[in-house]
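Visitor: First the structure, which I've put down as structure tokens, then a few questions once you've had a look.
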Amino acid sequence: MTPDSAVRPADQTETDEWGRLNPRLFLVNLSVVATPLATFAATTVLTGGEINLQVLITCASFLITCLVIAGISVMRLITTRYRITDDRVELHKGRFFRSERSIPVDRIRSVDLTANPLHRIFGLTSLKIATGDQATSGGGLSLDGLSVHDAEELRRRLSELRHARQGLATADPDDDATLARLDWAWLRYAPLTLWGVGGVFIAVGSVYRTLHEMKVDPLELGVVKDLEERFGSLPLWYGILLTLAVIVVIGVAGSTATFIEGWGGYHLDRPETGLLRVRRGLLITRSVSIEEQRLRGAEVAEPLLLRWAGGARLKAVASGLGDEDENSSRSRLTPPVPRDLAQSIAADVLGERVSPTTEAQLAPHPRAALRRRLNRALIWSVLIAAPLVGLGLWLTPVLVHTGWITAVVLFCAGAAFAFDAYRSLGHAVHGPYLVTRSGTFTRRTAALQRDGIIGWTITRSAFQRRAGLLTLGAATAAGSGVYKVRDVAVSDGLALAEDAVPGLLAPFVERAPARH
């Protein structure tokens, strides 16, 4: 069997033939060695050709490590083999430490494809078969280094087997099952995130640490010295403002580039009955599948800046998407899009005429919830300003005035966020869904299917008990695991739990004796 024909046509009978990874994976593995060589070249340029012994030792160690990794990858290429039978997928790999895995077709929840730039150059992709194991990322198996044709054929065959065993019909290829596709007008939402600015500090910190480990002082580099000479004579306040402006510009550019790379070619569709598929990625392509029978709801997230611009993101609340990190990545159904479009896609995904996150009439929370948030703003403003006042009483009255002005400004800002957070609170039982909303820096509105709720968690801090409030958490085997109704009155929270899932909380509630 040749590597590019590892999958037999569906009309052939099963044999003991095994498929192998594509030989072009050998070239991908060798390309790992280019990383330490590029690092050495960049260091040479930055230091003006002055290479000390520490740099040589570091780069040599890096090169040896990459050679070992490449060798292990080549061994995996040689020893990995797989096959599909009528009822299971089998994977064998390893020479000295052998590993044999077998997954029943009935347990397969999704078959996802991912290709990084190197894979795409050589026409390869990685195929991951995921099961319903929510607790660990090791619940499936991966084939890293298949040709795109083989991977698509494998996914198609597994889909046919799953549908045949479950008695489901496949979708008509001529039907238009597209739910959403990329609109480049959405690019205006890309800069409205703090991750771009935060990424600048992370990148600078990583470069500084790497050079420091090589015994290279970044402050002594020619580029840094030149910048210091150019801007050293500027006023301090002007230098600070200029630095902040540069960081914001770089952050915006980084956020925009991340959006383009992560969501280029975005397409959300139903390739077959009962299955959602998200395809996205410009350099690293991703294809994620979600079974609709494992869908338990949808969540609309609105980060603060994005909310002010009328945008939102949509995530699926589904089980079987892996551990917390995998679930966070694979549950994304849309990039930042207009809020109305996110709500419309949520309705399509849930099979509703109107999204419950829009149609539900959310009940307001008690004013005690607002007082809690205002008290929190007051406490933080006092804690931050108190050291300035203390130093002012000891050193100079200027710091005293600075301290109380800081406290006033911080409290005013905190009070504005407190009112916004209170207005965001809400909950409702809307048809088959429990709808809950909370958050100010990121306001989240989740519609959770009531039959997917498997338990309740009730938490009450000392301050909540004093205010007569509680936080009710709906536990589910999907999404983040618990969806909270924050700071609701005790009677309202217990009534909400009983209304959403009758009888589930009753055994744990003790009724107060009637008073005569």
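Visitor: Tell me, what ³J(HN,Hα) does each residue in the range 333-343 have, in order and in whole Hz, if you take phi through Karplus 6.51 cos²θ - 1.76 cosθ + 1.60 with θ = phi - 60° and put x for Gly and Pro?
Guide: 9, 9, x, x, 9, x, 4, 4, 5, 4, 5
Visitor: Could you tally the net charge around Arg95, taking each other residue with its Cβ under 15 Å from the Cβ of Arg95, Lys/Arg +1 and Asp/Glu -1?
Guide: Net charge in that neighbourhood comes out at +4.
Visitor: Hey, what did the range 467-512 get for relative contact order, percent, Cα under 8 Å, at least 6 apart?
Guide: With pairs under 8 Å counted, the relative contact order is 30 percent.
Visitor: Then there is this: Subtract the Cα-Cα distance of His401 and Ala185 from 0.36 nm times their separation in residues, and report this length gain in nm to one decimal.
Guide: Going from the current span to full extension adds 73.0 nm.
Visitor: Tell me, what is the percent relative contact order of the range 250-358, built from C-alpha pairs under 8 Å that lie six or more residues apart?
Guide: 18
Visitor: On the protein heavy atoms, probe 1.4 angstrom, tell me the percent of accessible surface of the range 394-471 carried by carbon and sulfur.
Guide: 67
Visitor: Across the range 436-451, in residue order, what do the Karplus-derived ³J(HN,Hα) couplings come to in whole Hz, using 6.51 cos²θ - 1.76 cosθ + 1.60 with θ = phi - 60° and x for Gly and Pro?
Guide: Once rounded to whole Hz, the list reads 9, 9, 6, x, 10, 5, 9, 7, 10, 10, 10, 10, 10, 4, 5, 6.
Visitor: A follow-up question, please. Normalising by the residue count of the range 371-434, find the relative contact order in percent from Cα pairs under 8 Å and 6+ residues apart.
Guide: Relative contact order for the range 371-434 comes out at 37 percent.
Visitor: What ranking of Trp456, Trp186 comes out by heavy-atom accessible area, probe 1.4 Å, highest first?
Guide: Trp456, Trp186
Visitor: Then there is this: Tell me, what ³J(HN,Hα) does each residue in the range 396-411 have, in order and in whole Hz, if you take phi through Karplus 6.51 cos²θ - 1.76 cosθ + 1.60 with θ = phi - 60° and put x for Gly and Pro?
Guide: 3J(HN,Hα) across the range 396-411, in whole Hz: 8, x, 4, 5, 5, 5, 4, x, 6, 5, 4, 4, 5, 4, 5, 5.
The values are calculated or read from the model by the stated rules, or taken from the named source; none is laboratory data. Only a predicted model underlies this, so the values are computations on that prediction, with no experimental measurement involved. FYI the Cβ positions are ideal-geometry reconstructions off the backbone, even for glycines, and counts take in every protein chain you see. Only protein heavy atoms, including side chains, enter the accessible area calculation; ligands, DNA and RNA are left aside. Shrake-Rupley method; radii C 1.70, N 1.55, O 1.52, S 1.80 Å.
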